[in-house]
Structure formats: structure tokens, C-alpha cells
Ligand SMILES: *[C@@H]1O[C@H](CO)[C@@H](O)[C@H](O)[C@H]1NC(C)=O
Ligand SMILES: *[C@@H]1O[C@H](CO)[C@@H](O)[C@H](O)[C@H]1NC(C)=O
Ligand SMILES: *[C@@H]1O[C@H](CO)[C@@H](O)[C@H](O)[C@H]1NC(C)=O
Ligand SMILES: *[C@@H]1O[C@H](CO)[C@@H](O)[C@H](O)[C@H]1NC(C)=O
Ligand SMILES: *[C@@H]1O[C@H](CO)[C@@H](O)[C@H](O)[C@H]1NC(C)=O
């Protein structure tokens with residue numbers, strides 16, 4: 001561990017002075033699950049408990065009465081649904097992760113009431129809700145065919161990502177590791193030969209090999225004695241290298257499209273807090289996969305803050321973004337900065353917690369290769385925005401995607417600028433706004449509007465018809481453990 005990350009941890013536990021937290025956004029990994037290799041994998045009770053514990057942890061830090069870092073004005077016991085916002089992909093493991101986290105963030109009301117020494121809690125009706133006053137919090141579920149699916153699962157159904165990511169296996173670096181590790185993997189081949197075939201127990205399947213044996217050491221007593229802790233560490237190390245390279249390469253932006261989309265989502269959601277002067281969206285949650293974490297770590301230079309960021313995050317690991325001002329305190333929170341002052345007075349702090357054990361600290365790290373542990377929101381939004389995918393259309397172009405929702409977006413681009421245009425995949429301006437900036441004629445504009453309208457209608461009609469099919473297909477894909485899922 002570097003000195004800098006030690007310092008970061010010390011910072012995290014030091015009580016804060018003259019500070020008001022206005023909003024927090026958390027992105028979490030799922031909890032313990034069965035091996036991804038097998039179809040129909042699912043969260044375990046252990047995984048559900050990890051997420052629940054993580055929710056409790058964030059509750060103790062940001063929500064409950066007397067919390068040291070309580071978000072200004074957040075409801076402590078009875079959830080205020082305008083203050084909490086959540087999103088997860090329509091995939092069982094990730095959706096359940098968000099659910100279990102929120103169960104910990106706002107536990108059943110009756111449980112809180114009986115624990116609470118004060119009588120401040122009011123239950124507005126005489127009827128107690130089911131499950132001991134279970135608190136319902138809406139989670140926006142994003143299906144694979146919803147445009148909003150790109151924000152958390154930007155690497156799924158993205159041909160440019162798949163190409164860039166897979167190109168790792170053609171690199172000299174890959175071949176070197178494959179050769180270097182063949183003896184090591186062959187020593188373990190007998191353990192997994194019945195599952196995946198002896199010839200497949202190599203670096204070529206570094207993640208699956210690690211995942212299968214990691215899951216087995218947690219859940220299968222008869223395996224524990226057959227694999228040493230050192231071997232498991234070694235397998236993790238190779239899985240780290242394999243997954244890192246699939247999701248980040250400074251000279252191949254395509255490998256990090258998932259991280260770029262997440263960056264766009266983070267900016268949108270923080271903006272959603274800011275737009276309401278933090279009256280709404282005080283605590284926000286998204287659940288996603290390790291590959292998105294890795295791509296994001298690379299994009300934001302977190303590996304410069306600590307070598308550990310090259311590694312796969314633990315189950316239920318989470319990263320958090322705090323929006324705060326350097327004024328006020330818990331008793332007298334400072335008011336939210338005015339519109340003019342937000343870019344400068346509102347600050348962003350990045351934190352990461354690598355798991356849910358009591359010893360796992362939520363530590364602060366500097367972003368973008370700098371040394372500041374908090375930066376003004378304006379600076380944060382400028383830098384992250386320049387590395388992010390900020391619209392569905394930008395994603396469609398970057399990915400070269402043929403998703404239904406991209407048909408409309410792509411038609412818009414080509415109608416506006418013509419097929420010979422040379423828009424680069426990562427230009428932050430969309431094709432249409434370039435054309436608009438250059439001044440397109442009113443006639444063309446009308447034609448474009450007509451085309452978009454037509455395409456949208458077609459897409460909508462098509463979507464209605466194919467909805468049932470899509471649902472069936474998605475269920476099938478999930479239960480077959482499709483290789484694009486990486487949870
Ligand atoms: C990173 O990308 C460059 C340029 O495409 C390539 O030469 C190199 O082999 C890649 N490195 C890895 C580890 O994939
Ligand atoms: C090895 O993996 C390949 C690709 O997944 C699969 O087709 C093949 O059946 C596997 N070999 C064995 C012996 O299971
Ligand atoms: C545990 O591992 C053994 C092989 O060592 C295997 O035969 C058995 O099916 C595994 N049990 C479970 C529940 O996965
Ligand atoms: C999280 O923990 C895993 C497993 O111990 C490790 O490989 C990884 O580097 C850690 N990540 C960070 C950012 O600490
Ligand atoms: C941040 O990462 C990018 C991409 O790898 C790199 O080009 C840049 O030099 C890094 N910046 C700092 C300050 O570390």
C-alpha cells in the first residue's frame with residue numbers, strides 16, 4: 001500500500017469540520033454469487049447480507065440521526081422518496097444487489113422505531129406495512145433494449161467495445177502471459193477438468209478459472225483443502241491482469257466505453273442533485289459490474305493514486321462521490337451554493353470501499369492523477385465530461401451499435417451530415433449539433449425532423465410487437481449466463 005493511500009485512509013476517519021454534505025452518489029458491485037460460468041448463477045445469502053451490510057454502513061455514515069457525515073436535511077428513518085434515487089440493470093444479481101443495499105439504507109420502520117430512543121418518528125397511518133414496515137424505494141430497472149441501459153452496461157451490445165477488448169488476446173503482452181503461466185495453470189487443471197475441460201484451464205480463461213475456484217473456496221468444503229491461499233492469490237492476480245487489459249488501454253479508448261458511459265451517468269446524476277439545490281436526489285445508488293469499475297478506474301487515473309486499482313474490486317465494493325461545501329456543520333448545515341457559485345464552491349470527493357468487512361475503510365483518493373482529495377465541481381465536471389459518453393447518440397456512434405434505439409439516433413446523424421462525414425467516434429459533440437452549429441437549412445431541418453419522427457414511430461411500433469419476445473429472449477440470455485454479462 002502506498003503512503004498516499006495510507007494518508008487517504010487517515011483522512012477518511014478524521015472527523016470533518018466546517019463542512020456540509022449535500023449529496024452522495026454510490027456505485028456498488030454485486031455481492032457473493034454462484035460461479036458466473038454456470039448458467040442461472042445467482043446471488044447467495046452471503047451476497048445479500050454483504051449488500052445489506054453495505055447499505056447499513058452508508059446509513060451510519062450519511063443518513064441516521066447523529067451520523068458523523070450526515071447529508072444535510074436527509075430523512076433519517078422514514079424514507080422520503082424524493083431524496084433517494086436508484087438504478088440497476090434488469091439483471092437478477094445486480095437488481096437484487098441494489099434492493100438489498102437499500103434495505104440496509106432504510107431498514108423496516110418498526111425496527112427503527114423500536115431502536116430509536118426518541119419519539120420523533122411518526123407513522124401517518126394506523127396500519128403497519130408488511131414485513132415489519134418494509135420501506136419501499138423505487139429502483140429504475142434498465143432492460144437490455146432501453147436506451148438508458150447504456151449508462152451502467154455501456155459495454156454490453158457494443159461492437160466497438162467487444163472488438164477493442166478482444167484485441168487484447170492478439171497482443172504480445174497477452175501471449176507472453178499465456179506462455180509464462182501455462183505451467184502454473186496446468187498444476188490446477190485436474191480441479192477444473194470435469195467442469196470446463198482440461199485444455200481450457202489456462203490464462204485464456206483467467207477470469208472463469210479464478211471465479212470458479214474462488215466461489216468453490218467460499219462454498220465448497222471439499223475444495224478448500226485442495227487449493228492453497230497462495231494459489232488462489234496467484235489466480236486472482238492473473239484474473240486482474242486479464243480483466244484490466246480487457247477494459248483499459250490508454251491507447252485504445254474503445255476498451256473503456258463502459259467506464260465512459262458510467263462517467264456520463266455520474267455527471268447526469270450529480271447534476272440532478274444540483275438542479276434541485278440538493279432538495280431531491282440527496283442519496284443516489286447505481287449497481288454494476290467489475291468491468292465497469294476497472295474501466296472507470298483507468299479513465300480517471302485512479303491507478304496513479306494506488307496500484308490496487310489495477311485489481312478486481314471485491315464483492316459489494318463501492319465507490320462514492322460526495323458533494324459538499326466547506327461551510328456549516330451538522331447542527332447548522334450551510335445552504336446550497338447559488339447557481340453562479342456551484343462550479344467553485346461545491347466540492348467533489350471520491351471515496352472507495354473495497355468490500356464489506358469491518359476492516360474495509362471508505363477511503364478518499366485523488367482523481368485524475370492529481371493530489372487534491374477534493375476538487376471544485378466545475379473542474380470535476382469539465383475533466384470527467386471530456387472523458388465521458390454524455391448522450392445515447394454518442395454511445396451509439398462510439399459503439400457502432402445496431403440496437404433499435406440506435407437506429408433512430410444513427411438515422412438522425414446520417415440525415416443531418418450525410419454519409420461521407422468524418423465524425424470521430426469519441427468527439428463529444430454529436431453529429432447533429434455540429435450541423436446545427438454550422439447552420440443547416442430550414443428545409444433540411446424539417447426533413448430531418450420528419451425522418452426522426454418516422455423512425456421513432458417505426459421503432460415504437462416494432463418495440464410494442466417485439467416486447468414479449470424481448471422479454472423471453474432476455475430471460476433466456478440471462479439464464480444461459482451470456483458472455484456479455486460480467487457480474
Ligand atoms: C494497447 O494498445 C496498443 C495499441 O493498440 C497495443 O499495441 C498494445 O498491445 C495494447 N496493450 C495491451 C496490453 O493490450
Ligand atoms: C473448452 O472450451 C471450449 C470453448 O468454450 C468448449 O467449446 C469446449 O467444449 C471446452 N472443452 C471441454 C473439454 O469441455
Ligand atoms: C464440490 O467440489 C467437488 C469436487 O471437489 C464436486 O464434486 C462437488 O460437486 C462440489 N459441490 C458443489 C456443491 O459444488
Ligand atoms: C480490492 O481487493 C482486491 C482483493 O484483495 C485487490 O486485488 C484489489 O487490488 C483491491 N482494490 C483496491 C482499489 O484496493
Ligand atoms: C491519466 O491517464 C491518461 C490515460 O491513461 C494519461 O494519458 C494521462 O497522462 C494520465 N494523467 C495523469 C495526470 O496521470
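The values are calculated or read from the model by the stated rules, or taken from the named source; none is laboratory data. Computed from a prediction, not measured in an experiment: that's the story for all the values here. Quick reminder, even Gly has a Cβ in these numbers, built from the backbone with ideal geometry, and neighbours come from all protein chains shown.
Screening 263, 206, 278 for residues that are surrounded by 21 or more Cβ atoms within 10 Å (Cβ to Cβ), at pLDDT 95 or above and within 30 Å of residue 185 (Cα to Cα) leaves exactly one candidate, 206.
Criterion first (farther than 13 Å from residue 168 by Cβ, surrounded by fewer than 16 Cβ atoms within 10 Å (Cβ to Cβ), away from ligand 1 (no atom under 16 Å from the Cβ) and modelled with pLDDT of 95 or more) does residue 211 satisfy it?
Values: farther than 13 Å from residue 168 by Cβ: yes; surrounded by fewer than 16 Cβ atoms within 10 Å (Cβ to Cβ): no; away from ligand 1 (no atom under 16 Å from the Cβ): yes; modelled with pLDDT of 95 or more: yes.
It is false that residue 211 is farther than 13 Å from residue 168 by Cβ, surrounded by fewer than 16 Cβ atoms within 10 Å (Cβ to Cβ), away from ligand 1 (no atom under 16 Å from the Cβ) and modelled with pLDDT of 95 or more.
With respect to the conditions (1) modelled with pLDDT of 95 or more; (2) more than 22 Å from residue 318 (Cα to Cα), residue 126 lacks only one, and its number is (1). Summed over region 224-247, residues that are closer than 17 Å to residue 194 by Cα and either within 16 Å of ligand 4 (Cβ to nearest atom) or surrounded by 16 or more Cβ atoms within 10 Å (Cβ to Cβ) (or both) total 1. Residue 294 meets the conditions (1) outside any helix (DSSP H, G or I); (2) under 26 Å from residue 140 (Cα atoms) in every case but one. The failed one is (1).
Is region 307-314 home to any residue that is within 19 Å of residue 283 (Cβ to Cβ) and touching a strand residue (DSSP E or B) at 6+ places or on another chain (Cβ under 6 Å)? Can you show your working first?
From region 307-314, those within 19 Å of residue 283 (Cβ to Cβ) are none; that's our starting set.
Scanning region 307-314, I find no residue that is within 19 Å of residue 283 (Cβ to Cβ) and touching a strand residue (DSSP E or B) at 6+ places or on another chain (Cβ under 6 Å), so the answer is no.
Which condition does residue 85 not pass, out of (1) in contact (Cβ under 8 Å) with a residue 40 or more places away in the chain; (2) surrounded by fewer than 21 Cβ atoms within 10 Å (Cβ to Cβ), if it passes all the others? Only one criterion is unmet by residue 85, namely (2). Of the residues making up region 226-236, those that are without any contact (Cβ under 8 Å) to a residue 24 or more places away in the chain and in a helix (DSSP H, G or I) number 4.
When residues in region 329-346 are screened for being closer than 21 Å to residue 66 by Cα and buried (at least 17 other Cβ atoms within 10 Å of the Cβ), 3 of them pass. Of the numbered criteria (1) within 11 Å of ligand 4 (Cβ to nearest atom); (2) surrounded by fewer than 21 Cβ atoms within 10 Å (Cβ to Cβ); (3) closer than 24 Å to residue 64 by Cα, the one residue 358 fails is (1).
Are any of the residues in region 301-321 more than 16 Å from ligand 4 (Cβ to nearest atom) and crowded, with 17+ Cβ neighbours inside 10 Å? Checking region 301-321: not a single residue is more than 16 Å from ligand 4 (Cβ to nearest atom) and crowded, with 17+ Cβ neighbours inside 10 Å. If you check residue 356 against the conditions, is it free of Cβ contacts under 8 Å to residues at least 60 places away in the same chain and out of contact with any strand residue (DSSP E or B) (no Cβ under 7 Å at 6 or more places or on another chain)? No: the conditions fail for residue 356. All told, residue 223 falls short of being outside any helix (DSSP H, G or I), more than 16 Å from ligand 5 (Cβ to nearest atom) and either more than 23 Å from residue 244 (Cα to Cα) or in contact with a helix residue (DSSP H, G or I) (Cβ under 8 Å, 6 or more places away or on another chain) (or both).
State yes or no: is residue 61 out of contact with any strand residue (DSSP E or B) (no Cβ under 9 Å at 6 or more places or on another chain) and closer than 13 Å to residue 318 by Cβ? It is false that residue 61 is out of contact with any strand residue (DSSP E or B) (no Cβ under 9 Å at 6 or more places or on another chain) and closer than 13 Å to residue 318 by Cβ. Scanning region 167-199 for residues being within 21 Å of residue 210 (Cβ to Cβ), within 16 Å of ligand 1 (Cβ to nearest atom) and in contact (Cβ under 8 Å) with a residue 40 or more places away in the chain gives a total of 6.
Of the residues 281, 240, 249, which is in a loop (DSSP other than H, G, I, E, B), within 16 Å of ligand 1 (Cβ to nearest atom), under 20 Å from the mean Cα position of the chain (by Cα) and in contact (Cβ under 8 Å) with a residue 60 or more places away in the chain?
Details: 281 fails: within 16 Å of ligand 1 (Cβ to nearest atom); 240 fails: in a loop (DSSP other than H, G, I, E, B).
After ruling out the rest, the residue left standing is 249.
Restrict the check to region 254-277 and report whether at least one residue is in contact with a strand residue (DSSP E or B) (Cβ under 9 Å, 6 or more places away or on another chain) and assigned to a loop (DSSP other than H, G, I, E, B). Within region 254-277, one or more residues are in contact with a strand residue (DSSP E or B) (Cβ under 9 Å, 6 or more places away or on another chain) and assigned to a loop (DSSP other than H, G, I, E, B). When region 189-201 is examined, which residues are found to be surrounded by fewer than 19 Cβ atoms within 10 Å (Cβ to Cβ) and either within 14 Å of ligand 3 (Cβ to nearest atom) or not in a helix (DSSP H, G or I) (or both)? Hits for region 189-201 are 189, 190, 191, 193, 194, 195, 196, 197.
Quickly run through region 311-334 and pick out the residues that are touching a residue at least 40 places away in the same chain (Cβ under 8 Å) and in a loop (DSSP other than H, G, I, E, B). Step through it out loud before you land on a result.
Looking only at region 311-334, we keep the residues that are touching a residue at least 40 places away in the same chain (Cβ under 8 Å), and these are 311-330, 333-334.
Residues satisfying the conditions are 311, 312, 313, 314, 315, 316, 317, 326, 327, 329, 330, 334.
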